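Here's the structure we're looking at; comments come further down.
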Amino acid sequence: MKAPLPRFIALLLCIVMSGMPFSGVSAQQSAATDSRAPLTLVQRIPMPNVTGRMDHLGIDIAGMRLFAAALGDNQNTVEVIDIRAGKRVSSIRGQSKPQGVFYSSDFKRLFVSNGDGGTYKVFRGDDLKQISSVPLGTNPNHVGYDPTSKYLYVGYRDANSGRLAIVDTQTGKNLGNIKTNALPGGIKIESTGPRIFVTLQGLNELGVIDRNKREQIATWPLTQLVQSMALDEGDHRLFAGGRVPAKVFVFDTESGKQIAELDCVSGIDDLWYDAARKRIYATGTDGIAVYDQKDADQYTPMVRIANAPGAATSIWVPTLNRRFASATKVGDSDGAILVYEAPR
């Protein structure tokens, strides 16, 4: 029986086989290929000719398709990836700085917020032909979905404040909007109550919205700006990720009080809560930070997982047990979708 490869050599082989650029391996990064690691890189899907930055991702679970907003270098496409085949299969052109992406499995419709066009666009799910383009305002960006009402909330702003558009995913129509203190992002929606939690661009505070009253009802103070959020509804905890300094803040959603502060990776763009494993995944420009939740108030120190440079936008898909991340083209290395698996 052959002796197992030392972990360092095994990691080098994994990097070479995955096609990821090698830029040094730290003790923390070696966890990426350890069977005990919280996430393991299992696939790298090349995205040739996508030269600029990719933004947020959407998922069609039944059709096993991933949608990636490609907005850098005037790309202005939504890239369509066949997850089973492990390859890009088409591009939806005619976007204007695509940012937020959501696929409705109920009505077989794809929704894309367009930052420069000031619109959201609706596409058929089968042939991906455009159905409508609905004007909103300045810089439509983040989206959040309420599966009970089947409403999609799209953050944008006007000359004086932020707005959260309410979109009926069955008809594709804009039903109105909710005024916020600034451009809302990181949209997280509770299922057991009427609240929506949002970041507020440029303000050291979080916004709390009552979606039944259609108004912002509270703000929670922060010590710095934050860009992303995740929600643990069972334990009444909200996680908010900031960049300067790199931190994840934990809030009690009952009181609005901060109860913990965790060190994080740089350039955080997305934050996800894995309810099955009681874990938080923070995606940044220099890695993935993973935290185990001991209880509602206690969290393990960050475990850093290797990531491609700049792969800060991601989506966690619990039903597939996969985390997908958008990696920008760097040098001779093509852009890619990186696929990570959590241990079962």
Scanning the stretch 299-344 residue by residue, those within 15 Å of I280 (Cα to Cα), surrounded by fewer than 18 Cβ atoms within 10 Å (Cβ to Cβ) and either at pLDDT below 90 or in contact with a Lys or Arg (Cβ under 9 Å, 6 or more places away or on another chain) (or both) turn out to be T300, V317, N321, E341, P343
Taking the residues in the stretch 135-159 that are surrounded by fewer than 19 Cβ atoms within 10 Å (Cβ to Cβ) and of a type in the set (V, I, T) as candidates, determine which candidate is nearest to M54 (Cα to Cα). T138
Could you look through the stretch 160-172, keep only residues that are of a type outside the set (D, E) and over 21 Å from G115 (Cβ atoms), and pick out the one that is most open to solvent (accessible area, probe 1.4 Å)? Q170
Residue tally, condition open to solvent by 30 Å² or more (accessible area, probe 1.4 Å) and in contact with a Pro (Cβ under 6 Å, 6 or more places away or on another chain), over the stretch 173-225: 3
Does the stretch 284-298 hold any residues that are touching a strand residue (DSSP E or B) at 6+ places or on another chain (Cβ under 6 Å) and modelled with pLDDT under 95, and which are they? G287
Can you find, within the stretch 183-200, the residue that is nearest to the chain's Cα centre (by Cα) among those that are closer than 14 Å to G162 by Cβ and not β-branched (V, I, T)? G186
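The values are calculated or read from the model by the stated rules, or taken from the named source; none is laboratory data. The model shown is predicted, which means the values in this text are computed figures rather than measured ones. Here the Cβ is made from the backbone with ideal geometry for all residues, glycine too, and neighbour counts use every protein chain on show. What goes into the accessible areas is simple: the full protein's heavy atoms, side chains included, and nothing from ligands, DNA or RNA. Shrake-Rupley method; radii C 1.70, N 1.55, O 1.52, S 1.80 Å.
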